[in-house]
1. Just to confirm a number: summing +1 for Lys and Arg and -1 for Asp and Glu over residues other than LEU241 whose beta-carbon lies under 9 angstrom from that of LEU241, what do you get?
2. In whole angstrom, and with the biggest value first, how far do the Cα coordinates of region 142-289 range along each principal axis?
3. Just rank ARG207, ARG181, fewest to most, by other beta-carbon atoms within 10 angstrom.
4. Between ALA249 and ARG278, what's the calculated FRET efficiency when r is the beta-carbon distance and R0 is 22 Å? Round to 0.05.
5. Using θ = phi - 60° and the Karplus curve 6.51 cos²θ - 1.76 cosθ + 1.60, what whole-Hz ³J(HN,Hα) does each residue of region 143-159 get, with Gly and Pro shown as x?
6. Calculate one ³J(HN,Hα) per residue across region 166-179 by plugging θ = phi - 60° into the Karplus curve 6.51 cos²θ - 1.76 cosθ + 1.60, and present them in order as whole Hz with x for glycine and proline.
7. What FRET efficiency, computed as 1/(1 + (r/R0)^6) with R0 = 30 Å and r the Cβ-Cβ distance, is obtained for ARG231 and LEU260, rounded to the nearest 0.05?
8. Quick check: residue separation of THR269 and ARG6 times 0.36 nm, minus the Cα distance between them. What number comes out in nm?
Amino acid sequence: MPAERRPSFLEPAVLARLLALPLHARQAMLGSVSGKHRSPVRGSSLEFAQYRKYVPGDDTRRLDWRTWGRSDRFYIKEFEADTNLRLCLLLDTSGSMDFGPAGNSRFDYARRLAGTLGYLAAQQGDAVGMWSLADQPVEVPARRGAAHLGLVLDRLAALKPLGGTTLLQALHDAAETIRQRALVVVCSDFFVPPAELKLAIQHLRYRRHDVTLFHLLDQQEVDFDFDRPARFVDLEGGDALLADPSLIARNYRTAVKAYLAEMEEVVRTTGVDYQGVRLHERYDDVLVRFLLGRTPKRSSR
């Protein structure tokens, strides 16, 4: 992508660091062209899948003659087909994502994560799409090609965090809209009831999507280490609250601890790829951890 067209949230130094780390799916994918990812159908690749008995009409070039020599029976060697991936980026653009300093807010962090992942996926020939989870949703279906990547990045650059959350309904809608198996990456603060979030994730998993959650929190939101009376503003349009932190800190921390425990239960029971992120972390370090965690383990044969 030419430098003059590269959005500000794509950093050349970060891209150079990450391009050596492929983006892998954790499960078989259904794509339209040959690619780097496992498919549930059988085809041709270097990865052996299984033997099966020969039936009339099978390609005799795939007969395993060594097995015939040992057993006097004809067997076909099957291999896993390799296909391309659909990467679907889902960004929470509700008002609470505007938390943080200008240019370094939670939403800016989410946009860097999503934009970089989209670029990496496109570079390895995968399809990329983008959905915003907001009052006025933006939908860009997953497709391949440099021109389409440019469209995704342009739409990503134009997004603004504003209004109330529609995260839960948007996840259900995505489960119905994204027809074929995909890697669905959700970047959000997940300020919703975990039990309801679990239902939305289960809907995506039922559709056989590989789901990753990037849970973006500021350490201050967890620690609540304010030491003087402060005015707390609801970024999603509710009333502001003037409070003495010393009077509410204990109950607040108890509530946060319970919320995080519920999120752990959601992750454990749904099998999603969960990336807990603190905003003080370098986003490229977070992506390195994510990509390395998806590297397939080589089986010993």
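What follows draws every value from the coordinates through simple rules; no lab data is involved. Predicted model, so just to flag it, every value in this text is computed and none were measured. Cβ: placed from backbone, ideal geometry, glycine included. Neighbour counts: every protein chain shown.
1. Neighbourhood net charge equals -1.
2. Each principal axis gives a Cα extent; for region 142-289 these are 53, 35, 31 Å.
3. Numbers: ARG207 18, ARG181 22.
Fewest-to-most Cβ neighbours within 10 Å comes out as ARG207, ARG181.
4. Numbers: r = 19 Å, r/R0 = 0.87.
Efficiency at R0 = 22 Å is approximately 0.70.
5. Ordered by residue, 3J(HN,Hα) equals 9, 9, x, 5, 5, 5, 4, x, 5, 4, 5, 5, 5, 5, 5, 8, 5 Hz.
6. For region 166-179, the Karplus-derived couplings read 10, 4, 5, 5, 5, 5, 5, 4, 4, 4, 7, 7, 7, 6 Hz, x marking Gly and Pro.
7. On the way: r = 26 Å, r/R0 = 0.85.
The formula returns an efficiency of 0.70 here.
8. Numbers: separation 263, 0.36 × 263 = 94.68 nm, distance 3.93 nm.
The THR269-ARG6 span can extend by a further 90.7 nm.
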